[in-house]
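Contents: one structure, followed by commentary.
What follows draws every value from the coordinates through simple rules; no lab data is involved. Keep in mind it's a predicted model, so treat the numbers as computed, not measured. Here the Cβ positions follow ideal geometry from the backbone for every residue, glycine too, while neighbour counts run over all protein chains shown.
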């Protein structure tokens with residue numbers, strides 16, 4: 001288990017620094033049906049605290065990985081459990097059990113002390129573009145100002161902080177019919 005602390009910004013375009021991407025598909029599923037499997041897969045799992053479960057496929061050139069992720073809490077500061085799983089496990093968990101899917105291209109760009117993950121959504125969430133910055137500790141005001149400066153001055157982007165806006169959580173984008181069909185502006 002690790003802590004996930006993130007800032008999330010809706011941006012107007014990809015910066016020119018975005019070159020290579022990884023194609024990501026995220027399948028959200030009803031984890032309550034698989035309590036025994038999940039308790040066996042993760043040691044010390046506090047099952048009652050889990051709020052979200054997904055399988056993420058990451059496709060990069062000739063490599064494909066499947067990662068099972070469980071998350072607790074609904075804020076930008078939560079516990080995250082991750083484990084690489086087999087194709088067989090993926091088929092078991094999502095067969096007739098998919099609550100929603102998102103597809104996106106992910107670009108990573110390092111600037112200063114931060115790694116910016118730029119997600120360009122495809123299919124039902126197009127033309128949405130989000131960037132996330134993660135940390136193992138709570139962000140300070142100084143760090144937040146530095147991140148905003150990089151977005152505005154280095155990447156030359158217009159941005160909106162959507163960290164605490166539940167409409168921009170991936171699980172909600174997957175379940176609610178997508179960005180273009182939702183209430184987002």
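Listing 152, 106 from fewest to most neighbouring C-beta atoms within 10 Å gives 152, 106. Taking every C-alpha pair closer than 8 Å and separated by at least 6 residues, the mean separation divided by the residue count of the chain gives a relative contact order of 30 percent. Relative to the current alpha-carbon distance between residue 16 and residue 62, full extension at 0.36 nm per residue lengthens the span by 14.1 nm. Put simply, when 9-15, 153-159 are sorted by average Cβ atoms within 10 angstrom per residue, most first, you get 9-15, 153-159.
Compactness of region 24-100, taken as the C-alpha radius of gyration over 2.2 N^0.38 Å, stands at 1.07. If a spin label sat at a point 7 angstrom from the Cα of residue 99 along the line to its beta carbon, the backbone N atoms of region 141-174 nearer than 14 Å would be those of 169-174. Taking 0.36 nm per residue of separation and subtracting the current Cα-Cα distance, fully stretching the chain between residue 3 and residue 115 would add 38.7 nm. A straight chain from residue 84 to residue 33 at 0.36 nm per residue would run longer than the Cα-Cα distance by 16.4 nm. Between residue 40 and residue 154, the modelled label-to-label distance comes to 4.6 nm, taking each label 7 Å out from Cα in the direction of the beta carbon.
Once the Cβ-Cβ distance of residue 164 and residue 140 is raised to the sixth power relative to R0 = 25 Å, the FRET efficiency obtained is 0.90.
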